[in-house]
């Protein structure tokens, strides 16, 4: 009976305290009371986030509402579906993520946040921005303990450094760069209950760099989270084979991690974006509907002027823009890519292979119509497969088809490596049932031939067509760069994916032995398997 009376008394005192606090305009954290909804909270504590340069209120976009509804719904002990925001640069991605750190501390829905970026410097900068938000006067008035630094036994600051924040309210925010995580990450006794991925991709990441980042995220960071861990990821598409392109399902290989994710986007800055080059060389936006009032057409025009049209297309529109020094400017996916169709048995077929193990190998399948048009109708592409595994894959994909030859990278015949003799890759392919013919390695002739086949006009359609089921060829060919010292050649000294390009060079050079009018000059080989 006494216990029941005490419990009732405690409840009554708590209700009385809340009534007094409400009457005085004081929150339960000891500060002034602020609205309970996220829009009211933002306007009360961080009005500049929802205002323009003149202090006028700006309405949140639909994707902002989706983001904040997800943040506001976080509860301790419950794992939410991961949220992936693929927004334009200038749409408030990082600012929203940094404010989310404050919001979950304010609501006590999360205790330990791991803020992850591509480099430690980037992650540190984001955490310093969070520190500035925590130290704001408006937050101090609403939640003093969240704004105060955690102090040690003798009054010294505990963990308020460039890469770690620890508040008196118990919130911890740690910065971690994937360049650091790649060398091994140690999270002490803590298990993050919120991991934020922000600025993870870089436009110049190589396939190997992306692979290492994914390994760090999936094998070191995500498994280190608590049982109720939430994952928030925000970035624009700066790399079309990067982490966020995979999460958004835009890359040739979609992400198999964070499988139950909510994807918001990609949201460009402008829908229906069109520009026109002016006589003075500047680009003028002539059409486009903003996806957010905070990045209206006038703002986008300033960004075009400041960043340049190429950077704006990539950063704000998520466009896959060709690089400076593009090797094949003739390429146009609307011209050269076609829908797959059933190839008549009478059309000659052949294959070409560019070998690789640590880097992707590529096999392309080609056929030629009676009119002389060449179709690249199949590809296989990937790294980490042995010569035997590659040959078996080529055989399986070719089952039941007839070929006039399979042309291989001349390097596949090499037998001597580091002073020792080994079985050549070509011999291994032959053992697995794929007989190879050494392809021509005349680079300038091959690239020149590819230019001829890709060139087109209204009167003369392109000779080469690519089935839409060859994503890696379609993705990588327009990104190849010219050799600055040999403009007729593709630059082989930079880290670029030229594997499908090399395979296509072998394929089209082999096509010269096919007479377009009379057909092949030798009997076809039947694919085994």
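The values are calculated or read from the model by the stated rules, or taken from the named source; none is laboratory data. Note that the structure is predicted; figures quoted are calculated from it, not measured. FYI the Cβ positions are ideal-geometry reconstructions off the backbone, even for glycines, and counts take in every protein chain you see.
Annotations
- Of all positions in the stretch 98-112, none carries a residue that is touching a helix residue (DSSP H, G or I) at 6+ places or on another chain (Cβ under 6 Å) and in a strand (DSSP E or B).
- Residues in the stretch 268-294 that are crowded, with 17+ Cβ neighbours inside 10 Å and either under 25 Å from the mean Cα position of the chain (by Cα) or part of a loop (DSSP other than H, G, I, E, B) (or both): 268, 269, 270, 273, 288, 290, 291, 292, 294.
- Considering residues of the stretch 297-331 that are in a loop (DSSP other than H, G, I, E, B) and without any contact (Cβ under 8 Å) to a residue 60 or more places away in the chain only, the residue farthest from residue 268 (Cα to Cα): 329
- Check on residue 468, farther than 20 Å from residue 332 by Cβ, modelled with pLDDT under 90 and under 25 Å from the mean Cα position of the chain (by Cα): no
- Just one of the listed residues (433, 400) is exposed (fewer than 14 other Cβ atoms within 10 Å of the Cβ), in the same structural domain as residue 506 (by TED's automatic domain parsing) and touching a residue at least 12 places away in the same chain (Cβ under 8 Å), namely 400.
- Scanning the stretch 234-253 turns up one or more residues that are crowded, with 19+ Cβ neighbours inside 10 Å, modelled with pLDDT of 95 or more and part of a strand (DSSP E or B).
- Any hit, the stretch 326-344, residues being modelled with pLDDT of 95 or more, surrounded by fewer than 16 Cβ atoms within 10 Å (Cβ to Cβ) and either in contact with a helix residue (DSSP H, G or I) (Cβ under 6 Å, 6 or more places away or on another chain) or outside the structural domain of residue 456 (by TED's automatic domain parsing) (or both): no
- Of all residues making up the stretch 425-476, the number that are within 16 Å of residue 366 (Cα to Cα) and assigned to a helix (DSSP H, G or I): 9
- Failed item, numbered, when residue 202 is tested on (1) out of contact with any strand residue (DSSP E or B) (no Cβ under 8 Å at 6 or more places or on another chain); (2) at pLDDT below 95; (3) over 24 Å from residue 92 (Cβ atoms); (4) assigned to a loop (DSSP other than H, G, I, E, B): (3)
- Qualifying residues in the stretch 386-408 (those that are in a loop (DSSP other than H, G, I, E, B) and farther than 24 Å from residue 468 by Cβ) - the one nearest to the chain's Cα centre (by Cα): 386
- Search result, residues across the stretch 345-358 that are assigned to a loop (DSSP other than H, G, I, E, B) and either within 27 Å of residue 463 (Cα to Cα) or in the same structural domain as residue 208 (by TED's automatic domain parsing) (or both): 345, 346, 347, 348, 355
- Residue 294 being at pLDDT below 90 and not assigned by TED's automatic domain parsing to the domain that holds residue 85: no
- Condition check for residue 90: modelled with pLDDT under 95, within 30 Å of residue 238 (Cα to Cα) and outside any helix (DSSP H, G or I): yes
- Hey, residue 378 within 31 Å of the chain's Cα centre (by Cα) and closer than 28 Å to residue 456 by Cβ or not: yes
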